[in-house]
Amino acid sequence: MPDQSSDTRRAIIDVGSNSVRLVIYEGPARTPFEVHNEKVQARLGRSLPDTGAIDADAYDRALAACRRFKALLDATKVETVRTVATAAAREAVNGPDFLRDLAGTGLSVELLSGDAEAEASAAGVVSAFPGARGIVGDLGGGSLELVALGSEGIGRCSSFPLGVLRVPAARERGDKSFAAKVRTMLREDGWRKAKAGRDFYLVGGSWRALGHLDMHLTQSLLPGVHGYAFPFARLKPLRKAIAELGPREMRAVPGLSASRISTLDDAAALLEAVGGVLEIERLVVSGFGLREGLLYQALGVHGRGEDPLLAAIVDYAQRRGNPRWSGDAVDTWIAGLFSNDDAAARRIRRAACHLAGADLHPLQETRARYGAELAWLGGWVGITAIDRALLAQAIWIAWGGKGACPLVAPLLGVAELAQARAWGEAIRLVERLTGGTSDVLAHARIELEGDRLILQLAHSCAELGGGVAGKQLATLAETLGKTADVRAA
């Protein structure tokens, strides 16, 4: 697949052991976003444990799904398409026949090896969590892939016949026997403990469903399951809840699809067994996996090196924002006020500067709330929950909100709240001073001098320091514990 450096539609068709899925993406190459996502529960791997073959019904459902996918892609003129098949097609005795018939739909199909599947899943995690350390576990219908992530990136990869469709048969003699089987498989392949770290990244719908359930039970305030982290020790109470909750209560859990409910305990039992071998301490849910990894692998070195958060927010701002507002220029202008910000804080501050110029809501009275929700709920990756809260608080202030943003205040400490409020007040000063046209900043400078916050204006622009700009300068000065001063030269 060629390096995707332009904003074009591209698609991945994932012919898995449980589901067959089409996802169409748009947006920047580094952080594409879904514009269409559809799946068919073909369950190609359902009969493999008993017969070694894909059964006729599953075979036909998968082909029918792929014929529709091909027709949809042709009709919408999506030309960049990658179709991959995984464990069921690899292992079934009629897998070669299935792949031949799949190619007959007009799709160009790749059969991924177990290692290639594992590497792609890990690449998806690396794409969403730059610098991730630990182990990636991708639980599909037919197989479980494990990948070590270390300081040099993706390390050793393994694939095991432990997909969620195979776990019920493997658990027939009880969990102790099952855990012993898993332990033997992993240790014979050289997996003993998470030497690269104690974080375990959960990829795949069944494990992601465990994250949704834990968020529900703990009443998490987070907006989505991607990036949600919880202790490995939570598995025991989760399994107890799975056993005690009835179907109606389970269906009411946000984000938990009905098709996943029946697999939850099998997925949890497998995770418990794997974690016991690897001595995992923390579980991190990843919304990115195989498909996003394939897109990430297609990028060049420069593309992979881009910051996913900034790439997504800059793209959003360019699509929806004020073309006269440069987030980079705004951040550079205010940076001297925040010399104590570390690299992580500077990154979120810069993201706030870009987002502040985007998608201004037309109603003044609801603008701040809209901005905070955009920051908090946006489909950003490479960002923690606290980062989201800081971003939302900064935009809340920048777009006219007062005090602590009620949406995220419970997540922020006093120092974090003060930091984000100061960013927001500084960004709001830029908007008040320039009317949303950052080129005006070339005629102004802001700096700290002892206990004074000084706005230095070119003589020809001296009058810009009055009115709402002067009031906002005073507000920012008070936030920073300074006295405001306007000078013209």
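On inspection, Ala53 qualifies as at pLDDT 95 or above, more than 19 Å from Ala11 (Cβ to Cβ) and among the hydrophobic types (A, V, I, L, M, F, W, C).
With the structure loaded, tell me whether Ala148 is out of contact with any helix residue (DSSP H, G or I) (no Cβ under 7 Å at 6 or more places or on another chain), without any contact (Cβ under 8 Å) to a residue 60 or more places away in the chain, in the same structural domain as Tyr201 (by TED's automatic domain parsing) and part of a helix (DSSP H, G or I) or whether it fails that test. Considered against the rule, which asks whether it is out of contact with any helix residue (DSSP H, G or I) (no Cβ under 7 Å at 6 or more places or on another chain), without any contact (Cβ under 8 Å) to a residue 60 or more places away in the chain, in the same structural domain as Tyr201 (by TED's automatic domain parsing) and part of a helix (DSSP H, G or I), Ala148 comes out as no. Just the residues that are at pLDDT 95 or above and aliphatic (A, V, I, L, M), please, taken from the stretch 1-24. Ala11, Ile12, Ile13, Val15, Val20, Leu22, Val23, Ile24, listed by residue number. Among the residues of the stretch 25-49, those that are touching a residue at least 60 places away in the same chain (Cβ under 8 Å) and not aliphatic (A, V, I, L, M) comprise Tyr25, Gly27, Pro28, Arg30, Thr31, Pro32, Phe33, Gln41, Arg43, Gly45, Arg46, Pro49.
Conditions (1) within 24 Å of the chain's Cα centre (by Cα); (2) surrounded by fewer than 16 Cβ atoms within 10 Å (Cβ to Cβ); (3) at positive phi, marked per residue:
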{"site": "Arg43", "(1), (2), (3)": "no, no, yes"}
{"site": "Pro49", "(1), (2), (3)": "no, no, no"}
{"site": "Ala65", "(1), (2), (3)": "no, no, no"}
{"site": "Leu72", "(1), (2), (3)": "no, yes, no"}
{"site": "Arg82", "(1), (2), (3)": "yes, no, no"}
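Checking the stretch 95-116 against the condition returns a match, with at least one residue being at pLDDT 95 or above, of a type in the set (S, T, N, Q), at negative phi and in contact with a helix residue (DSSP H, G or I) (Cβ under 7 Å, 6 or more places away or on another chain). When the stretch 384-443 is filtered for residues that are among the β-branched types (Val, Ile, Thr), out of contact with any helix residue (DSSP H, G or I) (no Cβ under 8 Å at 6 or more places or on another chain) and under 18 Å from Ala372 (Cβ atoms), only Thr384 remains. Does Leu455 satisfy the criteria of being assigned to a helix (DSSP H, G or I), in contact with a helix residue (DSSP H, G or I) (Cβ under 6 Å, 6 or more places away or on another chain) and under 21 Å from Cys353 (Cα atoms)? Against the criterion (assigned to a helix (DSSP H, G or I), in contact with a helix residue (DSSP H, G or I) (Cβ under 6 Å, 6 or more places away or on another chain) and under 21 Å from Cys353 (Cα atoms)), Leu455 does not qualify.
One residue alone among Gly131, Gly124, Gly141, Gly153 is over 21 Å from the mean Cα position of the chain (by Cα) and more than 18 Å from Leu278 (Cα to Cα), and that residue is Gly141. Being modelled with pLDDT under 95, over 18 Å from the mean Cα position of the chain (by Cα), of a type in the set (Lys, Arg) and over 23 Å from Ser220 (Cβ atoms) is the requirement here; does Arg320 meet it? When the stated conditions are applied, Arg320 passes them.
One line per residue, one yes/no per condition, for (1) within 19 Å of Ala351 (Cβ to Cβ); (2) crowded, with 19+ Cβ neighbours inside 10 Å; (3) modelled with pLDDT of 95 or more; (4) of a type in the set (S, T, N, Q):
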site: Ala389; (1), (2), (3), (4): yes, yes, yes, no
site: Ala394; (1), (2), (3), (4): yes, yes, yes, no
site: Ile397; (1), (2), (3), (4): yes, yes, yes, no
site: Ala404; (1), (2), (3), (4): no, no, yes, no
site: Val408; (1), (2), (3), (4): yes, yes, yes, no
site: Ala418; (1), (2), (3), (4): yes, no, yes, no
site: Ala422; (1), (2), (3), (4): yes, yes, yes, no
site: Gly436; (1), (2), (3), (4): yes, no, no, no
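The values are calculated or read from the model by the stated rules, or taken from the named source; none is laboratory data. All values derive from a computational prediction rather than experimental measurement. Virtual Cβ from ideal backbone geometry, glycine too; neighbours counted across all protein chains shown.
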